[in-house]
Amino acid sequence: MAPGSDRYASRADTAAFLVCLVLSLVALALPAGLKEPIAGALRRTVLLPVLAVQRQAVASGVARERLATVRSERDSLVLETTFLPELRAENDRLRALLGLAARLGRGFATAAVLHQAGVADGLTLVLSAGREEGVEQFAPVVAARGVLGLVRTVDPHTSVALAWTHPDFRASAMVEGTTVYGIVRARRGERSGELMELIGVPYREQLVPGTRVVTSGLGGVFPRGIPLGTVQGIMTEATGWERTYVLQPVVHPSEAAHVIILSPARAADTLQAAFGGRRTAADSVLLVRDSAGVRIVRPPPPPPRRWPRQAAPPPQQPAPPTPPSGAPPRLHL
Amino acid sequence: MRIAAPQVRVGLVLALLVALHFVVRPRLGDPRFAPDFVLVALLFFATRVRPMAGTIAGFLVGLVTDAVAPTAFGSAAVALTVIGYLSGWLKAVVFADNLLVNALFVLVAAWARDAIGVLVAHQLEGGALGWQLLVLSPLAAASTAAAAVVTLLLFRGWLRQSAT
C-alpha cells in the first residue's frame with residue numbers, strides 16, 4: 001500500500017487491469033449453474049463473518065424497532081387502562097341518567113356540567129343548557145341518584161346552578177315514607193361540602209342511621225321524592241325542641257358530569273318512583289291468568305296522599321330523658 | 001496512542017469504513033440511497049496505490065459484492081475493476097488534495113460504478129434503467145460522496161500524510 005512514485009499506469013498495471021476485467025467478464029458470462037456455487041462458496045467463506053455482523057446489525061435494528069413498538073403499545077395500554085375506570089364510571093352514570101330520563105318521561109332538559117377552575121367549582125355548576133333549551137330559573141338540577149342543586153341564573157345556552165354544597169342552598173325535605181319533615185342544607189364546619197344537615201326535625205322524631213331523606217315537594221321548587229341523602233346520625237339537639245341530623249348525600253357535585261334539569265312545572269309532581277324509591281301500588285301491575293289467557297291488570301289507584309299540613313298530628317309522646325338503646329349515635333364532627 | 005506508519009493509519013481508516021458498511025449501513029434506512037462505505041474505502045485505497053493494486057482490489061471487492069447478488073454475478077466485479085484502475089490512473093493525473101475535488105471524484109466514481117454495473121448486468125431497461133441511472137444512482141452517489149467527505153474531515157491528517 002506504499003504510495004507509488006510513478007502514478008501513471010505502467011504495462012503491468014494495464015495488464016493486471018485487463019486480466020481482472022476479463023475474469024470479471026468471464027464471471028458475468030458464466031452459466032447460472034456455475035454462478036451460484038461460486039457465489040455460495042464466497043458467502044460461506046469470505047463473506048461469512050461480515051454477513052454475520054450485518055445480520056446482527058439488522059437484527060439489532062429490528063429489535064430496537066420492535067422494542068419501540070412494544071413500548072408505545074404498552075404506553076397506549078397503560079393510558080387506556082388509566083382511563084378505563086373513569087370511562088366505565090361515566091358509562092354507568094350516563095346509563096343511569098338515561099334510565100332516569102326514561103322514567104321521568106317529560107318536562108326536563110339534559111345538560112353537561114362544564115367544569116370550572118377556581119374556588120367556585122363544587123359550589124356552583126355551569127351547565128351546558130340554557131334558556132333556549134327550556135331551562136328556567138329555580139329549576140331543580142338532579143343526577144341519576146338524587147338532588148344536585150337548582151338553577152340560579154339562566155343564559156341563552158348555559159346556566160349556572162347552585163349546588164347543594166353552596167351555603168345558600170336549602171331544600172325542604174322529608175324522611176321517606178313518613179311525615180317527618182325538615183330542611184336540608186350543606187353541613188357547616190370543617191367538612192362543609194361533604195355532608196348535609198337535616199335541620200328542624202321535631203325532637204320527638206328519632207331517625208335511625210341509613211334512613212333515606214328525600215325532597216318533600218313543599219316550597220314549590222323540588223318535586224316530591226327526589227333523594228337527598230341518608231341519615232348518618234344526630235349532630236345536635238335542642239332538648240325538647242328539635243334535632244339536627246347529619247346526612248350522607250346521595251350525590252356530590254364533583255361526581256356529576258351530566259345532569260337533568262327539571263322543569264319548574266313539575267314541582268307539584270311526585271318523582272319517588274323515578275328515583276327508585278319505595279314502590280307504591282300505582283307502580284305495580286298484576287299478572288292475571290283466566291279463561292281469556294294471561295293479561296296485565298293495573299290495581300286500583302291508591303287513596304289520595306295525605307299531605308303533611310292536612311295530616312293529623314301524631315300523638316304526643318314525652319321526650320325521653322336519654323336516648324333509648326338503638327338510638328342513632330351522636331356524631332362529633 | 002501514536003500511530004506512526006502512514007500505511008497503518010490508512011489501513012485503520014479503510015477497516016473502519018468496511019466495518020461501517022456492514023454495521024451502520026443497514027441502519028441508515030433505504031439501502032438504495034445509503035452511502036457505500038466499501039466503495040469509499042476502495043477509492044481511498046486505489047488513489048494511494050499503483051493502478052494494478054487498485055485494479056486487483058476492485059476486482060476482489062466486486063467479486064465479493066457479486067456473491068450476495070448472484071443473478072448479476074460479475075457485474076460489480078467489472079464495474080469495480082474499472083473504477084479501481086481508473087481511480088489510480090486519474091488520481092495521478094489530475095488529483096489535488098482538495099475536499100471538493102475528492103467529493104466530486106467519489107460522486108462520479110459511485111455513479112460510474114452503478115452505471116457500469118447496471119449496464120453490464122443488463123437487468124434493467126427502458127424507464128426503469130433511466131430512473132436508476134438518473135435518479136437513484138445519483139442520490140446514492142451523493143450520499144456516498146457525503147460519507148467520503150465526512151471521513152476525510154475526520155481523518156484528513158492521516159490520509160494526507162499517507163498520500164505524500
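The values are calculated or read from the model by the stated rules, or taken from the named source; none is laboratory data. Keep in mind the model is a prediction, meaning the values are calculated, not measured. Counting neighbours? That spans all protein chains shown, and the Cβs are built from the backbone with ideal geometry, glycine included. Protein only, heavy atoms only, side chains kept; ligands, DNA and RNA dropped before computing areas. Shrake-Rupley method; radii C 1.70, N 1.55, O 1.52, S 1.80 Å.
Counting only helices (runs of 4 or more DSSP H) that fall entirely inside segment A:1-115 and contain at least 1 residues that are within 54 Å of the chain's Cα centre (by Cα), the qualifying elements are A:48-104. Looking at this structure, is A:GLU176 of a type in the set (Asp, Glu) and modelled with pLDDT of 85 or more? In short, yes. For the criterion of being exposed (fewer than 11 other Cβ atoms within 10 Å of the Cβ), under 30 Å from B:ALA57 (Cβ atoms) and facing chain B (nearest Cβ under 9 Å), A:ALA27 fails. Set side by side, the residues A:ALA68, A:ALA144 differ, and just one is under 14 Å from A:VAL259 (Cα atoms) and among the hydrophobic types (A, V, I, L, M, F, W, C), which is A:ALA144.
Taken over segment B:8-23, the criterion of being at pLDDT 80 or above and either exposed (fewer than 15 other Cβ atoms within 10 Å of the Cβ) or aliphatic (A, V, I, L, M) (or both) is satisfied by B:VAL8, B:VAL10, B:LEU12, B:VAL13, B:LEU14, B:ALA15, B:LEU16, B:LEU17, B:VAL18, B:ALA19, B:LEU20.
The helices (runs of 4 or more DSSP H) found entirely in segment B:57-161 that carry 1 or more residues being touching a Cys at 6+ places or on another chain (Cβ under 7 Å), surrounded by 15 or more Cβ atoms within 10 Å (Cβ to Cβ) and modelled with pLDDT of 85 or more are B:75-94. On inspection, B:VAL38 qualifies as in contact with a His (Cβ under 8 Å, 6 or more places away or on another chain) and either more than 9 Å from chain A (Cβ to nearest Cβ) or open to solvent by less than 20 Å² (accessible area, probe 1.4 Å) (or both). Beta carbons closer than 6 Å, at least 6 apart along the sequence or on distinct chains, pair a first residue in segment B:4-25 that is in contact (Cβ under 8 Å) with a residue 12 or more places away in the chain and more than 10 Å from every other protein chain (Cβ to nearest Cβ) with a second that is assigned to a loop (DSSP other than H, G, I, E, B) and crowded, with 18+ Cβ neighbours inside 10 Å for B:VAL13/B:PHE155.
Residues checked against (1) modelled with pLDDT of 75 or more; (2) of a type in the set (A, V, I, L, M); (3) in contact with a His (Cβ under 6 Å, 6 or more places away or on another chain):
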{"residue": "A:MET1", "(1), (2), (3)": "no, yes, no"}
{"residue": "A:ASP6", "(1), (2), (3)": "no, no, no"}
{"residue": "A:LEU23", "(1), (2), (3)": "yes, yes, no"}
{"residue": "A:ALA29", "(1), (2), (3)": "yes, yes, no"}
{"residue": "A:GLY33", "(1), (2), (3)": "yes, no, no"}
{"residue": "A:THR45", "(1), (2), (3)": "yes, no, no"}
{"residue": "A:VAL58", "(1), (2), (3)": "no, yes, no"}
{"residue": "A:THR69", "(1), (2), (3)": "yes, no, no"}
{"residue": "A:LEU79", "(1), (2), (3)": "yes, yes, no"}
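Within segment B:46-56, the set of residues being part of a helix (DSSP H, G or I), closer than 15 Å to B:ALA109 by Cα and more than 7 Å from chain A (Cβ to nearest Cβ) comprises B:ALA46, B:GLY54.
Of the residues making up segment A:215-272, those that are open to solvent by 50 Å² or more (accessible area, probe 1.4 Å), in contact with a Ser or Thr (Cβ under 8 Å, 6 or more places away or on another chain) and among the hydrophobic types (A, V, I, L, M, F, W, C) number 1. The single condition among (1) facing another protein chain (nearest Cβ under 7 Å); (2) without any contact (Cβ under 8 Å) to a residue 12 or more places away in the chain that B:GLY74 does not meet is (2).
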